[in-house]
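Following: one structure in C-alpha cells, then a few remarks.
The values are calculated or read from the model by the stated rules, or taken from the named source; none is laboratory data. Computed from a predicted model, the values in this text were never measured in an experiment. Cβ sites come from the backbone with ideal geometry, for glycine too, and all protein chains shown count toward neighbours.
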Amino acid sequence: MDILFNLPNFISSVFSITTVLIIISGVLLGILLGALPGFGSAQSLAILFPLTFVMSTSDSLIFLLAVYSAAEYGGSIPAILIKTPGTPANAISILDGYTMAQKGEPKRALQVSLVSGVFGGLTSTIIFIISGTTLAYFGLKFGPGEMFALGIFGLSIIGTFFGKNIAKGFFATGLGMLLATVGTSGFGGMRFVFDKAFLMDGIPLVVIVIGLLACPEAFKLLVDSKNEKKIKNKISFKKIDKGFQLSFIKRLLPTWIRCSLLGTLIGAIPGAGAAIGSMIAYTQEKKWSKLTNKFGTGIDEGIAAPETANNAVVAGTLIPTLALGIPGSGAAAILIGLMISKGVVPGPFLFVDEKDLISLIFGGLIVTNLFLLFIGFFATNLFSKVTSISKKRLGCFVMVLIIIGTYSYSNYGAHVIMSLILGFMAYIFIKVNIPAIPIVLGFVMSPIIEENLNRALTIHNGDLTQVMFRPITLTILFLALVTIIYGIKTKR
Amino acid sequence: MIKLKNIQIVLFIDLFFFTFLIFLFYETSNMSKSILPGYPGDAFFPRLILLFTLFWTIILFFQKISKKFTIIKSNEDDSGMVEIYYKDIAFVFIISILYISFLEIIGFEILTSVFLFSLLVNRLDLNFKKSLYYSSILSCISMLIFWLVFIIFLRIPFPLKFLPFLIY
C-alpha cells in the first residue's frame, strides 16, 4: 500500500530522459505491431524481446510493458477500420467499432477505443499494486510445497482454458515443460542432451519465445498471405467526424468502471487472457446497459466495454505473475522470462526485496498509459495507415528480424536453427488448433515447479505424501483437480 | 500446396510424439541417481512430465479415432482440411538455414541483402524487371537499418565485411 501513497514519487522517477524515450518507443512499436493483423501482444513482445538484451532490468521491463499495453490498443485499429482484429481480444470490437466506422465516424470509434483502453489500463494498474502487495503478503507465508502446488494450479488453468480441446491444451503444456528439462539438472547431471554441445546449457527462453510465438506468424505472413487478396483500406476521416468528446466521459464512466474491474479480475486468472476478458465484458455490459438493444449497431458503449477490459487485463495479468511467479498469459511468460534472465526472481519476495523495481513498474504503467493516450489521440490518422501494409511484404522483414534477433542472443547459429524448427512445429500445431502459448507457459513454469518440488522433498526426506498432504498444498491441488474436471465436463 | 485432413495431421503429430516420448522415457534411465538425501534424482521430474504428456497423447489419440470415446470428449470440429504450402515453407526454411550457415563467411551486409532480396522479389506484385529493381533497393536500405539498430545501437557483434562496427 505504501507504494500507492507514494505515487507522485514513483511517477517522477519514471520521468528520466532515457525512460521516457524507452516508453515512447515501446508505445509506438506496440501500436504498430498490435495493429498488424495476427500480431497479438505476445507475438509483439516476442519479436522485440532481443532489443532488451542490452537494456538494464528496469528499462527492459518498462519497454516490454509499454509494448504490451500499446499492442492491446493497437489491435483495435484494424478491427475498427478493416474488420480484421489485430489480436483475438479485439475481435468483439468489430461489432460496434467497424459499424461506427462504416457510418462515417472511424475517428470517433478509434478514440473511444483509445480512451477506454487507457482508463482500463490506469484503473487496473492501481488495483494491481493494491492486490499484488496483498497477494505477495500471503505468498510470503508459503513454503516450497505450497509454491509447487500453486504452479500445478496455474498449469491446470492454462491447460484447461487455452485452445478448444483440453487434451491439446495439456499436451502442449507437457511439451513445454519437457523442453525446459533439457540441459543441466541443477544438481550436476545432464538431461536429454544426447552429447550435443548446443543442448548442454538447455534451450534458451529467447529461442522458445521467438520460435513458438514470432516464427509461426512470420511463416503465416510469408506463406499463407502470399495467395491472399490485398485488402483496400477505404476508410477516410471526414470533417463531420469529430472524434471523442469530453461530454462522452459522464455517459461512459459506469461502463469503464464495470469493465475495468471485470478485465482486471479476468486478467488475474492464469490462462484467461484478454480475449476472454473483452468477450465477457461485452456480453455483461450488454446485460447491464440501458442500451441493450442498440449493441452491435455502432454505439460508444459497445466499443468501450471490450476495449476497457482488454487493456485492464494487462495489469491484471501482472498480479499472479509478479506476486506469485505464475504467468497468466504468453506475454506474462515473456516478462517472467525476461526477469529471470536479468537475475530477478518473480514471486512474493519481489515485493519485499525489489520494492524499487515494483515502484518503477507501477509508475511505468501509469506513464505508459498517459503516453498511449497522448500519442494515440494525435496520431489516429497515421496509425490507420498501418492497416494497408501488405502482409506478405511485411513477412520478409519479420523473418529477418527473427533470425537476427535470435542470433543476437549468443551469436550462435544453432539457436536460430532451433527457433526455425520450433517455429515450423508451432505453425503446423496452430493450423490444427494445438495452442502454442501453453508450450511457452509450460517452459517458464517447469523450472519453478521442479525447484520447489525438489526443495520440499529434500525438507521432508523425500516423502512425497508429506509434501502433498499439508493443508494449504492439498487445498490448492484439489482446486487444480476441480479445474481440470470442470474443463472435462464442459467438453472444452 | 497439399491439402490434408485436420484429423490426419493431429493423428500424425500424436503418434510421432507418443513414440518420441517413449524414447525419452527410456533415456531417463541414463540420468544421474540421487546424491542428496531427500532429492529424488535427475530423472524424477522429467518422468513425471513424460507420464503426464503421454497420458494426454493417449487421450488425444482415442478422441480422434473413436467418436464413442466419451471419457474426455471435445466439441472441437476437426473435419476441415488444412492447406500446407510446402514449397514456400521449404524455400523459406532452406534460405534461412543457408543465411545462418554462411553468415560468418560472406558477412552480414551482403548476406542480409541477398536474403531479403530473395524473399521480396516474389512478393512485390510488380512485373519481373520492376520487381528486381525495387527489391534490390528495398533489401539494401533495410539491411542498413538492421545494421544501424542491431550493430551500431545495440552493439551486437555480427560478422561484418565492409561496414564499420562502431561509428561513435
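Against the numbered list (1) crowded, with 17+ Cβ neighbours inside 10 Å; (2) of a type in the set (A, V, I, L, M); (3) more than 21 Å from the chain's Cα centre (by Cα); (4) not in a helix (DSSP H, G or I), B:Leu54 comes up short only at (4). Scanning region A:130-181 for residues that are over 30 Å from B:Phe62 (Cα atoms) and within 14 Å of chain B (Cβ to nearest Cβ) turns up A:Pro144, A:Gly145, A:Phe148. Scanning region B:58-110 for residues that are touching a residue at least 12 places away in the same chain (Cβ under 8 Å), in a loop (DSSP other than H, G, I, E, B) and more than 7 Å from chain A (Cβ to nearest Cβ) yields B:Ile71, B:Asp78, B:Ser79, B:Gly80, B:Gly107.
Here region A:49-65 is the region considered, the condition is being at pLDDT 90 or above and within 14 Å of chain B (Cβ to nearest Cβ), and the residue that is nearest to A:Ile24 (Cα to Cα) is A:Phe63.
Of all residues in region B:112-168, how many are among the aromatic types (Phe, Trp, Tyr) and crowded, with 17+ Cβ neighbours inside 10 Å?
Of the residues in that region, 6 qualify.
When the criteria are applied in full, A:Ser278 fails the requirement of being hydroxyl-bearing (Ser, Thr, Tyr) and more than 21 Å from A:Tyr73 (Cβ to Cβ). Scanning region B:111-143 for residues that are at the interface with another protein chain (Cβ under 9 Å from one of its Cβ atoms), modelled with pLDDT under 90 and touching a helix residue (DSSP H, G or I) at 6+ places or on another chain (Cβ under 7 Å) yields B:Arg123, B:Leu124.
Applying the criterion of being in a helix (DSSP H, G or I) and among the charged types (D, E, K, R) to the residues of region A:259-299, the residue that is surrounded by the most Cβ atoms within 10 Å (Cβ to Cβ) is A:Glu285.
What number of residues in region B:1-42 are in a loop (DSSP other than H, G, I, E, B), in contact with a Ser or Thr (Cβ under 9 Å, 6 or more places away or on another chain) and at the interface with chain A (Cβ under 8 Å from one of its Cβ atoms)? Full working, then the answer.
At the first step, the residues of region B:1-42 found to be in a loop (DSSP other than H, G, I, E, B) are B:1, B:31-42.
When the remaining residues are screened for being in contact with a Ser or Thr (Cβ under 9 Å, 6 or more places away or on another chain), the result is B:31-32, B:36-42.
Still in the running and at the interface with chain A (Cβ under 8 Å from one of its Cβ atoms): B:31-32, B:36-40, B:42.
Counting residues in region B:1-42 that are in a loop (DSSP other than H, G, I, E, B), in contact with a Ser or Thr (Cβ under 9 Å, 6 or more places away or on another chain) and at the interface with chain A (Cβ under 8 Å from one of its Cβ atoms) gives 8.
Restricted to helices (runs of 4 or more DSSP H) entirely inside region A:373-466, those with at least 2 residues that are surrounded by fewer than 23 Cβ atoms within 10 Å (Cβ to Cβ) and facing chain B (nearest Cβ under 9 Å) are A:391-410, A:413-431, A:437-459.
Quick check: anything in region A:80-91 free of Cβ contacts under 8 Å to residues at least 60 places away in the same chain and in contact with a Gly (Cβ under 7 Å, 6 or more places away or on another chain)?
Among the residues of region A:80-91, at least one is free of Cβ contacts under 8 Å to residues at least 60 places away in the same chain and in contact with a Gly (Cβ under 7 Å, 6 or more places away or on another chain), which makes the answer yes.
Yes/no matrix, rows are residues, columns are (1) among the charged types (D, E, K, R); (2) assigned to a helix (DSSP H, G or I); (3) closer than 19 Å to A:Ser388 by Cα:
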site	(1), (2), (3)
A:Ser58	no, yes, no
A:Pro78	no, yes, yes
A:Leu95	no, yes, no
A:Gly104	no, no, yes
